[in-house]
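K.L.:
Encoded as C-alpha cells, here's the structure I'll be asking about.
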Amino acid sequence: MLRTYGLLLALMIGLPGANAATFEYEEGTHYVELDLPIKTRNPEQIEVAEYFSYACPHCFQFEPLVNAWKARLDEDVVFRRTPAIWNRDYQFLAQVYFTAQALDVLDVVHGPIFRAIHAERRAINNPEGMAEFFSEYGVSKVDFAKAFSSFGVRAGVQQAEARGRAYRARGVPAIIVNGKYRVEASMAGGNAEMLRVVDFLIRKERAARDAAD
C-alpha cells in the first residue's frame with residue numbers, strides 16, 4: 001500500500017522515476033508575474049515560498065505533496081514558508097508558526113499542528129490550548145508563553161503580513177517563486193499541477209541566471 005502511494009505521489013509531482021511530460025506554461029494562464037518583485041534573502045539562490053495557513057484544509061492536503069517535492073530540490077533552491085494573515089484566527093496561527101520557529105521546534109510541530117486541527121479536531125485555537133499542545137513536544141508552557149509574546153515573534157507576524165500583501169494571492173496554498181511569480185491551484189489546475197508549474201519557473205529562473213553570468 002505504501003509503495004503504491006509513493007509511486008502515485010511520484011507521478012503526480014515528478015519525482016525521479018516518474019515519466020511526467022515537460023510542459024510549457026504561460027504567464028497569465030498558469031501563473032502570474034508580480035507587479036512588484038519581492039527582494040529575496042540570497043540572490044545566489046532561487047527562493048520558493050509557500051503561502052499557507054494551518055487553518056486551511058487545502059494546505060493540510062497539500063502538505064504531503066510539498067514534503068515529497070521539496071525533498072528532491074537542487075542545492076541552488078531554498079524553500080521557505082509565509083503564513084497568511086487574513087483574519088484573527090489566521091493571525092493567531094501565524095504567531096504560533098513564528099513561536100515554533102523561535103523555539104527551534106518548527107520541524108517537529110509543523111505537521112502535528114496540521115493534524116491536530118484537521119484530523120484530530122483538537123481545541124488549540126487559543127494560547128492556553130496551544131501551550132498545552134507544545135508541552136507534548138518538550139516545550140514548557142512558560143517558554144511557549146514567553147516566545148509567543150516576544151518582540152521577535154510579533155515582528156515575524158508583521159513581516160509576513162507585509163509579504164502577504166505583496167503576494168496579492170487570492171487564496172492558499174499559493175507558491176511564490178523567487179519573489180517574481182505567484183502560482184495558485186486555481187490557475188495551475190490543482191495542487192500537484194501547481195508544483196509542476198513551480199518546477200518550470202525554477203528552470204526559467206535558473207536559465208535567466210546562467211545567461212546573465
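Each reported figure results from applying straightforward, stated rules to the coordinates on display, with no laboratory input. Bear in mind the structure is a predicted one, so any value in this text is a computation, not a measurement. Here Cβ is always computed from backbone atoms with ideal geometry, including for glycine, and neighbour counts include all displayed protein chains.
K.L.:
Once you sort the root eigenvalues of the Cα gyration tensor of the stretch 89-166 as a ≥ b ≥ c, which label holds: rounded (a/c under 1.5), prolate (a/b larger than b/c) or oblate (the other case)?
P.N.:
Numbers: a/c = 1.83, a/b = 1.29, b/c = 1.42.
Oblate shape, in that a/c is at least 1.5 and b/c is the bigger or equal ratio.
K.L.:
Treating the angle as unsigned and between 0 and 90°, give the value, to the nearest 10°, between the Cα long axis of helix 151-167 and the longest Cα principal axis of the chain.
P.N.:
For helix 151-167, the angle is close to 30 degrees.
K.L.:
Taking the chain, how many lysine pairs are there with alpha carbons less than 28 Å apart, if each pair must be eight or more places apart or span two chains?
P.N.:
Here the count comes out as 6.
K.L.:
Another question, if that's okay. What FRET efficiency do you get for Ala211 and Trp86 if R0 is 35 Å and r is their Cβ-Cβ distance, rounded to the nearest 0.05?
P.N.:
Working: r = 38 Å, r/R0 = 1.09.
In this case the efficiency is close to 0.40.
K.L.:
While we're looking at this one, here's another question. Using the Karplus curve 6.51 cos²θ - 1.76 cosθ + 1.60 with θ = phi - 60°, work out ³J(HN,Hα) for each residue of the stretch 57-65 in order, rounded to whole Hz, and write x for Gly and Pro.
P.N.:
Residue by residue, the stretch 57-65 yields x, 5, 5, 4, 5, 6, 4, x, 5 Hz.
K.L.:
In a solvent-free Debye calculation with one equal scatterer on each Cα, what is log10 I(q)/I(0) for the chain at q = 0.08, 0.10 Å⁻¹, listed in the order of the q values?
P.N.:
At q = 0.08, 0.10 Å⁻¹ the computed log10 ratios are -0.30, -0.47.
K.L.:
Let me ask you something else. Just to be sure I understand the model, the point goes 7 Å from the Cα along the line to the Cβ. What's the resulting Ala162 to Ala145 distance in nm?
P.N.:
Roughly 3.1 nm, to one decimal.
K.L.:
Test of understanding: in a Gaussian network model of the chain with alpha carbons linked when under 10 Å, which of Thr82, Thr40, Thr99 would top the mean-square fluctuation ranking?
P.N.:
Top of the fluctuation ranking is Thr40.
K.L.:
Further question on the same structure: Output wanted: per-residue J couplings in Hz (rounded whole) for the stretch 113-125, from phi through Karplus 6.51 cos²θ - 1.76 cosθ + 1.60, θ = phi - 60°, x for Gly and Pro.
P.N.:
The phi angles translate into 4, 3, 5, 4, 6, 9, 9, 9, 6, 7, 8, 10, 8 Hz.
K.L.:
Further, regarding this structure: Given a Förster distance of 30 angstrom, what is the FRET efficiency for Asn126 paired with Ala68, based on the Cβ-Cβ distance and rounded to 0.05? Could the numbers behind the result be given before it?
P.N.:
On the way: r = 32 Å, r/R0 = 1.08.
E(calc), rounded to 0.05, equals 0.40.
K.L.:
What does the helix-only formula give at 222 nm for the chain: each DSSP H stretch with n ≥ 4 adding -39500 (n - 2.57), the total divided by the residues, and the result rounded to the nearest 500 deg cm²/dmol?
P.N.:
Values: 9 runs with 114 residues, N = 213.
After summing the helix terms and dividing by the residues of the chain, the value is -17000 deg cm²/dmol.
K.L.:
Considering only DSSP beta bridges with both partners in the stretch 25-212, what is the antiparallel share in %, to the nearest 5?
P.N.:
Details: 10 of 18 bridges.
The answer is about 55 percent antiparallel.
K.L.:
Could you please rank Lys180, Lys146, placing first whichever residue has the fewest other Cβ atoms within 10 Å of its Cβ?
P.N.:
Values: Lys180 20, Lys146 14.
Ranked by crowding around the Cβ, least crowded first: Lys146, Lys180.
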